[in-house]
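Inspection log for the structure reproduced underneath, given as structure tokens.
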Amino acid sequence: MAKSGNAVNDKATKVIWDDSRMNTSYANVCNVLGSREEITLLFGANQAWHAQQQEVKVLLSDRVVLNPYAAKRLAALLDKVLKEYEARYGELRLES
């Protein structure tokens with residue numbers, strides 16, 4: 001939060017996380033699309049269990065649309081959490 005000379009503006013905003021209407025989904029696949037105005041995250045589940053398959057079907061279940069600023073904040077948060085995870089459990093290596 002930016003500092004201000006005004007004592008009224010110096011108070012931190014309290015954020016209340018209301019999860020009363022939240023849904024939970026599992027995803028092992030994510031794809032990202034972008035345009036000038038929005039970044040779209042597509043989540044789904046890969047049902048394929050064999051590496052030799054010629055075709056893999058991904059059942060998409062959720063779409064999250066963010067403005068670019070929210071997407072950048074999400075990227076920073078994910079980077080921080082993954083660095084903490086790797087410091088605790090070891091490096092995650094992705095296949096090319």
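The values are calculated or read from the model by the stated rules, or taken from the named source; none is laboratory data. Just so we're clear, the structure is a prediction, and the values are computed from it rather than from any experiment. Here Cβ is always computed from backbone atoms with ideal geometry, including for glycine, and neighbour counts include all displayed protein chains. Note: accessible area is taken over every heavy atom of the protein model, side chains too, but ligands, DNA and RNA are not part of it. Shrake-Rupley method; radii C 1.70, N 1.55, O 1.52, S 1.80 Å.
For (1) assigned to a loop (DSSP other than H, G, I, E, B); (2) touching a Ser or Thr at 6+ places or on another chain (Cβ under 7 Å); (3) open to solvent by less than 80 Å² (accessible area, probe 1.4 Å), each residue gets a yes or a no:
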site	(1), (2), (3)
Ile16	yes, no, no
Asp19	yes, no, no
Thr24	yes, no, no
Leu33	no, yes, no
Arg36	yes, no, no
Ala48	yes, no, yes
Gln54	yes, no, no
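Is region 64-75 home to any residue that is under 22 Å from Met22 (Cβ atoms) and either open to solvent by 90 Å² or more (accessible area, probe 1.4 Å) or touching a helix residue (DSSP H, G or I) at 6+ places or on another chain (Cβ under 7 Å) (or both)? Yes, the conditions are met somewhere in region 64-75. Against the definition (modelled with pLDDT under 90 and either touching a Phe, Trp or Tyr at 6+ places or on another chain (Cβ under 9 Å) or basic (Lys, Arg) (or both)), how does Lys11 come out, yes or no? Yes: the conditions hold for Lys11.
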